[in-house]
Amino acid sequence: MLSIKNLHASIDGNEILKGINLEIKVGEVHAIMGPNGSGKSTLAAVLAGRSEYDVTAGEVIYNGVNLLELEAEDRAREGVFLAFQYPIEIPGVSNINFLKTAIGEIRAYKGLDPMSAKDFLKMMKEKQQLVEIDRTLINRSINEGFSGGEKKRNEIFQMAMLEPKLSILDETDSGLDIDALRIVSSGVNKLKSKENATIIITHYQRLLDYIVPDFVHVLYNGKIVKSGTKELALELEERGYDYIKEEVEA
Amino acid sequence: METAIKTSTIKDKLIFEYENSKLFLFGDTQLRDKAMESFYKQGIPTRKHEEYKYIRVDLMLKGAFDFSTSKNCSDAQIESLKFLKEAYVVIIENGVFVEGASNLEKLPKGLTICSLVDAVKSNSPVFEKHYAQYADVKADPFIALNTAMTKDGVFIHVAKNAIIEKPIHIIHISTVSENTIIHPRNLIVVDENSQAKIIESFETIDATAKIFSNALTEIVVDKHAIVDHYKIQDEKELGYLVNTTQVIQQKQSVFSTHTFTLSGSLVRNNLTLVLDGEHIESHLNGLYLTAGNQVVDNHTVVDHRKPNCNSNELYKGIIEGKSTATFNGKIFVRKDAQKTNAFQSNKNILLSQAGTINTKPQLEIYADDVKCSHGSTTGKLDEAKIFYLRARGIGVVNAKKLLTHAFASEVVNTIKIEALRDYVEENISKTFQ
């Protein structure tokens, strides 16, 4: 589904990603871990199409297309979803209008007929129950006055509504208390299927107790320096990132 | 002689026209003469006039202009402008009240609506008491010009204790085939403890030449009265509008005014509220959407003269193309006006490189126990917000549309009449297509 080869990216002339290689198959969950500043969020931003990053080398093939050539909106329409680390507040744009517009554009892109108002509302209701988000939140403007946990839950709700093929969760666990973490990860688990894939970006192992990855990769200084199964995450938790640094620099 | 005509300015032409038509104008000749004299002293403002620094009215008035028009629009065209189903409708066509096209049957008890000309003829004491008492001819050349040269308009009187449920919709229609200057004038008197909703809309139909409207409305809000006032300005490319609104509020009254400038080559709003009693509440809301080469200039004055009053002002602008928007908001708190709360905010979004916004809040406070604040911001659409929407599959065009709409909604949501809110919403959507 996703093949990243020798990806280099920089911002304002500083190289952050220094040759990432990663293969993800449909149905898989990959965790990307690493210390602060290792390039985790940059990888997420580059995949989602943030224009402030310059890709200086490498390629990203997603379902046969060159992802890096697509505009951000077209990546989303092709099924790439980024759950933001810091979801932004947009006063004056209701969640409902936002999702209606998004689904309308995605369907038009795919050459599908518009969704009827009835079907849309039905879908809203189903997904809202699935990810356990309060209806009053959905009726409000996008993330306006939401708590940190509510914002993250809204990201997962949007993910449920847009039914992406590849979801990238950027530090979704940061700032969540244990109850919110449980609800958010239960939502992600319910949305997981054989037809889609998930990338979980996190600093801590804790989230991986709830969303069990098939593979764990350690990102350090812009490169994946170690890959393994879920046991690698536990090892990292126990030994800290320092031993990775020592290994790499040795 | 020929050169003399060529170089004669619009000022000379206006004075000449006044002398010519004076005998046929209604009402108080002395008042008109004084006003003309004042106009003579002030002249058409140029860039050198501090209050007209950013709007070249003098340039707009270059070339030939006529003073009377004959072209009339059809009933169907007029009907299409009556966008409120439930309303008392007043039609002012090229500055003249048209009773036949208005909808004024079955007016409720306490509500009088007639032409300005008829109000003079009937010697209405309310009219005589209030007419031309508030807009000061010495304060602004357009007030002077309107007072001298007006031919007609509407007089609305809401008697004591009357609550007028349906809105009163004054539709100013301009339809001309020669460049024309008109001076429509309205007087609205809402007596003690009564309530009214008034909408003034400004439209052009089939115009093939420039229409310069120097429109003036005086509004009297007596004690305990509640008045909700709206202006919808949508005169398209051939519309040039100087719109003066002069309001006097008495104690414990509530006045809310909303100015929506949707189109027009040049729009200058002079809005003045005088709070002449205690415990008055005033709300001033405005939204201007400018594009192309449009020039839109909002000048507001809130004059706190007595203690314990509240005023709240919010103006927002969305500027596209090479257009220029100006906001100049003055708040006076006089020596007597202790315990005043006066707030003002002006926020703008600049959507293009070539657009210009001038914003100038001015506070003059002579009392010592007051709460006043003002703020002004100008920015672009937030890139982070645009990216968030794009990351969900929304294209740049729709993303910008959603965000500009969201920006405008704060002002649009202050409209209390649902049908009017829908109408404004719809027109904003059209503007951003």
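The values are calculated or read from the model by the stated rules, or taken from the named source; none is laboratory data. What you are looking at is a predicted structure, and each value in this text was computed from that prediction instead of being measured. Here Cβ is always computed from backbone atoms with ideal geometry, including for glycine, and neighbour counts include all displayed protein chains.
How about segment B:148-184: which of its residues are closer than 21 Å to B:L266 by Cα and β-branched (V, I, T)?
Hits for segment B:148-184 are B:T150, B:I170, B:I171, B:I173, B:T175, B:V176, B:T180, B:I181, B:I182.
A:Y109 is checked against (1) among the aromatic types (F, W, Y); (2) under 20 Å from the mean Cα position of the chain (by Cα); (3) within 14 Å of chain B (Cβ to nearest Cβ) and fails just one. What number does that condition carry?
(2)
Looking at A:S167, A:S227, which is the one that is in contact with a strand residue (DSSP E or B) (Cβ under 7 Å, 6 or more places away or on another chain), small (G, A, S), crowded, with 23+ Cβ neighbours inside 10 Å and not in a loop (DSSP other than H, G, I, E, B)? Give the steps one after another, and end with the answer.
Values: A:S227 fails: crowded, with 23+ Cβ neighbours inside 10 Å.
Among A:S167, A:S227, only A:S167 is in contact with a strand residue (DSSP E or B) (Cβ under 7 Å, 6 or more places away or on another chain), small (G, A, S), crowded, with 23+ Cβ neighbours inside 10 Å and not in a loop (DSSP other than H, G, I, E, B).
Tell me which residues, restricted to segment A:192-220, are more than 18 Å from A:E171 (Cα to Cα) and crowded, with 17+ Cβ neighbours inside 10 Å.
A:N196
Would you confirm, using the coordinates I've provided, whether B:N186 is assigned to a loop (DSSP other than H, G, I, E, B) and not small (G, A, S)?
Criteria not met by B:N186.
Would you confirm whether any residue within segment B:400-410 is within 22 Å of the chain's Cα centre (by Cα), at pLDDT 95 or above and of a type in the set (S, T, N, Q)?
Taking every residue of segment B:400-410 in turn, none turns out to be within 22 Å of the chain's Cα centre (by Cα), at pLDDT 95 or above and of a type in the set (S, T, N, Q).
Checking B:I417 against (1) in contact (Cβ under 8 Å) with a residue 24 or more places away in the chain; (2) of a type in the set (A, V, I, L, M, F, W, C); (3) within 25 Å of A:A102 (Cα to Cα), which test does it fail?
The one condition B:I417 does not meet is (3).
Given the conditions (1) touching a helix residue (DSSP H, G or I) at 6+ places or on another chain (Cβ under 8 Å); (2) at pLDDT 95 or above, report the number of the one that B:A419 does not fulfil.
(1)
All but one of (1) away from every other protein chain (no Cβ under 14 Å); (2) under 24 Å from B:K231 (Cα atoms); (3) without any contact (Cβ under 8 Å) to a residue 12 or more places away in the chain hold for B:A406, so report the exception by its number.
All conditions are met except number (1).
Quick check: is even one residue across segment B:372-385 outside any strand (DSSP E or B), touching a Lys or Arg at 6+ places or on another chain (Cβ under 8 Å), at negative phi and more than 14 Å from chain A (Cβ to nearest Cβ)? Walk me through how you get there before you give the answer.
If we filter segment B:372-385 for residues that are outside any strand (DSSP E or B), which is where we start, we get B:380-385.
Subsequent filtering for residues that are touching a Lys or Arg at 6+ places or on another chain (Cβ under 8 Å) retains B:381.
Now drop any that are not at negative phi, which leaves B:381.
Narrowing further to those that are more than 14 Å from chain A (Cβ to nearest Cβ): none.
Taking every residue of segment B:372-385 in turn, none turns out to be outside any strand (DSSP E or B), touching a Lys or Arg at 6+ places or on another chain (Cβ under 8 Å), at negative phi and more than 14 Å from chain A (Cβ to nearest Cβ).
What is the residue count in segment A:41-93 for residues that are part of a loop (DSSP other than H, G, I, E, B) and of a type in the set (A, V, I, L, M)?
Total meeting the criteria: 2.
Among B:A354, B:A337, B:A325, which is crowded, with 21+ Cβ neighbours inside 10 Å, more than 14 Å from chain A (Cβ to nearest Cβ), touching a residue at least 12 places away in the same chain (Cβ under 8 Å) and under 30 Å from A:S51 (Cβ atoms)? Step through it out loud before you land on a result.
Numbers: B:A354 fails: crowded, with 21+ Cβ neighbours inside 10 Å; B:A337 fails: under 30 Å from A:S51 (Cβ atoms).
One residue alone meets the criteria, B:A325.
How many residues are assigned to a loop (DSSP other than H, G, I, E, B) and touching a Gly at 6+ places or on another chain (Cβ under 7 Å) if we restrict to segment B:217-234? Walk me through how you get there before you give the answer.
Our first condition is that a residue be assigned to a loop (DSSP other than H, G, I, E, B); within segment B:217-234, this holds for B:222-225.
Narrowing further to those that are touching a Gly at 6+ places or on another chain (Cβ under 7 Å): B:223.
Final tally of qualifying residues: 1.
When you check B:T272 against the structure, is it within 12 Å of the chain's Cα centre (by Cα), of a type outside the set (A, V, I, L, M, F, W, C), modelled with pLDDT of 95 or more and surrounded by fewer than 23 Cβ atoms within 10 Å (Cβ to Cβ), yes or no? Walk me through how you get there before you give the answer.
Details: within 12 Å of the chain's Cα centre (by Cα): yes; of a type outside the set (A, V, I, L, M, F, W, C): yes; modelled with pLDDT of 95 or more: yes; surrounded by fewer than 23 Cβ atoms within 10 Å (Cβ to Cβ): yes.
When the stated conditions are applied, B:T272 passes them.
Counting residues that are surrounded by 17 or more Cβ atoms within 10 Å (Cβ to Cβ) and within 21 Å of the chain's Cα centre (by Cα), which helices (runs of 4 or more DSSP H) fully inside segment B:10-87 reach at least 2?
By residue number, B:29-42, B:57-60.
Return the total of residues in segment A:170-191 being hydroxyl-bearing (S, T, Y), surrounded by fewer than 23 Cβ atoms within 10 Å (Cβ to Cβ) and in a loop (DSSP other than H, G, I, E, B).
Count: 1.
Only one of (1) crowded, with 18+ Cβ neighbours inside 10 Å; (2) among the aliphatic types (A, V, I, L, M); (3) in contact with a helix residue (DSSP H, G or I) (Cβ under 9 Å, 6 or more places away or on another chain) is not met by B:V126, so which one is it?
(1)
So in segment B:189-216, with the set limited to residues that are part of a strand (DSSP E or B) and closer than 11 Å to B:N94 by Cβ, which one is modelled with the highest pLDDT? Reasoning before the result, please.
Narrowing segment B:189-216 to residues part of a strand (DSSP E or B): B:189-190, B:195-204, B:211-216.
Then drop every residue that is not closer than 11 Å to B:N94 by Cβ, which leaves B:204, B:211, B:213.
Details: B:T204: 92, B:I211: 92, B:S213: 95.
Once the filter is applied, the top-ranked residue is B:S213.
Consider A:L162 against the criteria (1) within 13 Å of another protein chain (Cβ to nearest Cβ); (2) free of Cβ contacts under 8 Å to residues at least 12 places away in the same chain: it satisfies all of them except one. Which criterion is unmet?
Tallying (1) within 13 Å of another protein chain (Cβ to nearest Cβ); (2) free of Cβ contacts under 8 Å to residues at least 12 places away in the same chain, A:L162 fails exactly one: (2).
Write out, first by first residue and then by second, each pair whose Cβ atoms fall under 7 Å of each other, whose residues are 6+ apart or on separate chains, and whose first residue, in segment B:289-300, is over 11 Å from B:I55 (Cβ atoms) while the second is hydrophobic (A, V, I, L, M, F, W, C) and not in a strand (DSSP E or B).
That search, which allows pairs on different chains as well, returns B:L289/B:I428.
Run down A:F120, A:F81, A:F157, A:F146 and say which single residue is buried (at least 17 other Cβ atoms within 10 Å of the Cβ), facing chain B (nearest Cβ under 9 Å) and aromatic (F, W, Y).
On the way: A:F120 fails: facing chain B (nearest Cβ under 9 Å); A:F157 fails: facing chain B (nearest Cβ under 9 Å); A:F146 fails: facing chain B (nearest Cβ under 9 Å).
Exactly one of A:F120, A:F81, A:F157, A:F146 is buried (at least 17 other Cβ atoms within 10 Å of the Cβ), facing chain B (nearest Cβ under 9 Å) and aromatic (F, W, Y), namely A:F81.
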